[in-house]
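One structure is given below, encoded as structure tokens.
The values are calculated or read from the model by the stated rules, or taken from the named source; none is laboratory data. Here the structure is a predicted model, which means the values were calculated and not measured. Cβ coordinates were reconstructed from backbone atoms using ideal geometry, including for glycine residues, and neighbour counts include every protein chain displayed. Areas reflect the complete protein model, heavy atoms only, side chains present, ligands, DNA and RNA absent. Shrake-Rupley method; radii C 1.70, N 1.55, O 1.52, S 1.80 Å.
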Amino acid sequence: MSERPEMYEGVDTIWMDGEFVDFEDAQTHVLTHGLHYGTGVFEGVRCYDTADGPAIFRWEEHLERFYQSAKPYDMEIPFEPEEISEATVELIRREELDSCYIRPVAFYGYGPLGLNPGNSPVQVAIAVWPWGAYLGEEALEEGVDVAVSSWRKHASSQIPTNAKTTGAYVNSVLASLEAKGNGYTEAIVLNKEGNVAEGPGENIFLVRDGELYTTGLAESILDGITRQSVVDIAEDLGYTVHDDATISRGELYTADELFFTGTAAEVTPIRSVDDNEIGAGTKGPVTDEIQTTFFDILDDPPAAYEDWFHPV
Ligand SMILES: Cc1ncc(COP(=O)(O)O)c(C=O)c1O
């Protein structure tokens, strides 16, 4: 096996198909259906080191999306959500992590190849590892420079965009490669109609005249759990939020503020789009208030948000 990436240094155990196995033993066959056809579903979740101890953020919602993602592919995950939940909590405890990223994945495994996956067994794995800010600590403060991708997001008439399917992420990979190749930190992907969809791994919010706008579920986006959390936080702060917006490309350039949301990116300001400065070219005041509230909730969950946390 090739050298272990730095990211996974110190990780001892992975949960696979009902068992805790050594990191090096979490292997699958090269004739795995999901490897050839992208027939897997996954989640990205974070566990935070809160004042009440390590807790998984919005775990029930992530678990629900995991099972929902499997549905269009007729994939029956051969474990109950409670089993996945217990295995994950046990894994975090075994790895002695206070905060980490959690990656559950289910995929059609080694079986007869052919597009119909029906005869392939469904395999499930869960890995956890420590993971800092996805786009970098500086990005959270200063914001990121992004470019509108020349790749369009697939419509949900082509691939269900509300399902977190492994194969669908080739679109995100293309957008991400293009953005980075051109010297930007991240991409914004337009949908088939040419309106804003989302980032390769993030939802997007726009601030205009003190109100918030985020692209609606019919705009070919993933129904992001951070997106929903930020809608709730913003409304609790008294903002008007339009969570069913259609946002044109031009509106990006003239926005007062823009920011990404996602499990990996958390709340990351966008300071420029296609080299056009957004607002003052740094984190705007509304983004700042929402980001600060978001991180305060994660640090020390107030009673009103307690049910967002699953203790480890
Ligand atoms: C394409 C895409 N959009 C949006 C998001 C944000 O979703 P969430 O906040 O649930 O992580 C993600 C990350 O999972 C994603 O991959």
Practice task
Considering each residue of segment 188-205, count those that are more than 10 Å from the ligand (Cβ to nearest atom) and either at negative phi or assigned to a strand (DSSP E or B) (or both), and give that number.
Solution key: 8
Exercise for the section: Could you tell me whether any residue of segment 96-116 is in contact with a strand residue (DSSP E or B) (Cβ under 6 Å, 6 or more places away or on another chain), of a type in the set (D, E, K, R) and either surrounded by 20 or more Cβ atoms within 10 Å (Cβ to Cβ) or touching a residue at least 12 places away in the same chain (Cβ under 8 Å) (or both)? Expected result: yes
Exercise for the section: Go through (1) open to solvent by 20 Å² or more (accessible area, probe 1.4 Å); (2) at pLDDT 95 or above one by one and return the number of the condition I84 breaks. Expected result: (1)
Problem - Subset of segment 206-225 that is in a strand (DSSP E or B) and open to solvent by 10 Å² or more (accessible area, probe 1.4 Å) - its residue that is nearest to the ligand (Cβ to nearest atom) - result: Y213
Problem - Condition met for Y169 (within 22 Å of V45 (Cβ to Cβ) and assigned to a helix (DSSP H, G or I)) - result: yes
Problem - Subset of segment 226-262 (residues that are within 16 Å of the ligand (Cβ to nearest atom), open to solvent by less than 20 Å² (accessible area, probe 1.4 Å) and not in a strand (DSSP E or B)) - result: T226, R227, S229, V230, V231, I233, A234, I247
Handout entry: Pairs where the first residue, in segment 33-44, is within 16 Å of T161 (Cβ to Cβ) and at pLDDT below 95 and the second is open to solvent by 20 Å² or more (accessible area, probe 1.4 Å) and not in a loop (DSSP other than H, G, I, E, B), C-beta under 9 Å, 6+ apart
Key = none
